[in-house]
Every structure is written in structure tokens, then in C-alpha cells.
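I have placed the structure first, in the form of C-alpha cells, so that the comments after it can refer back to it.
The values are calculated or read from the model by the stated rules, or taken from the named source; none is laboratory data. What you are looking at is a predicted structure, and each value in this text was computed from that prediction instead of being measured. Methodologically, a virtual Cβ is constructed for each residue, glycine included, from the backbone with ideal geometry; neighbour enumeration extends over all protein chains shown. Please note that ligands, DNA and RNA were not included when accessible areas were found on the heavy atoms of the full protein model with its side chains. Shrake-Rupley method; radii C 1.70, N 1.55, O 1.52, S 1.80 Å.
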Amino acid sequence: MTTQTKIRSEITGTVWKILVKPGDVLQADDTLMVLESMKMEIPVVAPEAGRVVEILIAEGAPVREGQEIAIFEEE
């Protein structure tokens with residue numbers, strides 16, 4: 001059985017770089033994307049091993065704390 005998880009931004013900032021695409025299989029703690037806030041880079045990591053279902057934002061886009069930024073499917 002698979003469980004979908006909505007990954008949320010932990011900060012307000014900007015999407016600096018997206019490192020994955022839908023369908024990519026990741027291990028727990030692999031980096032999905034990097035957010036930038038006040039010149040600091042903050043990685044967004046996979047909560048568990050699984051697959052990227054959808055990326056909900058684009059590189060360079062602003063994000064708010066708590067905003068949904070990706071959908072991840074744990075297996």
C-alpha cells in the first residue's frame with residue numbers, strides 16, 4: 001500500500017533549485033529541492049523512501065512557510 005504525503009515548505013523564501021522530477025525514486029533524506037532565505041540554502045528532503053508524484057512550484061518562485069511544494073508517495 002502506498003501513502004501520499006504533501007511536502008510543505010518550512011520557511012518563507014525562494015525556490016533556488018529543484019533536483020528531482022515526477023517519477024524519481026528517492027531514499028529517506030534525499031534532497032528534493034533547495035530553498036533560499038536570507039542568503040541561506042535550506043534543503044527539502046524526502047521523509048521516507050518513495051517516489052516523487054508531483055512538484056507544485058517552479059525554480060525561482062516565492063514560497064510561504066507551510067505552503068505545499070511537492071507530493072511524495074511512500075512505498
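The residues of region 25-52 that are open to solvent by 40 Å² or more (accessible area, probe 1.4 Å) and either of a type in the set (G, A, S) or in contact (Cβ under 8 Å) with a residue 24 or more places away in the chain (or both), listed by number, are V25, A28, M38, E41, I42, P47, E48, A49, R51. All of (1) open to solvent by less than 90 Å² (accessible area, probe 1.4 Å); (2) within 12 Å of the chain's Cα centre (by Cα); (3) not small (G, A, S) hold for E74 with one exception: (2). Please go through region 1-17 and pick out each residue that is of a type in the set (D, E, K, R) and closer than 18 Å to P47 by Cβ. Result: K6, R8, E10.
Residues satisfying the criterion are present in region 8-17 (criterion: of a type in the set (S, T, Y), open to solvent by 40 Å² or more (accessible area, probe 1.4 Å) and either at pLDDT 95 or above or not in a strand (DSSP E or B) (or both)).
Of all residues in region 40-49, exactly one satisfies the criterion of being farther than 12 Å from V15 by Cα and over 13 Å from the mean Cα position of the chain (by Cα), namely A49. Out of curiosity, is K21 among the charged types (D, E, K, R) and without any contact (Cβ under 8 Å) to a residue 60 or more places away in the chain? For K21, the condition - among the charged types (D, E, K, R) and without any contact (Cβ under 8 Å) to a residue 60 or more places away in the chain - is met.
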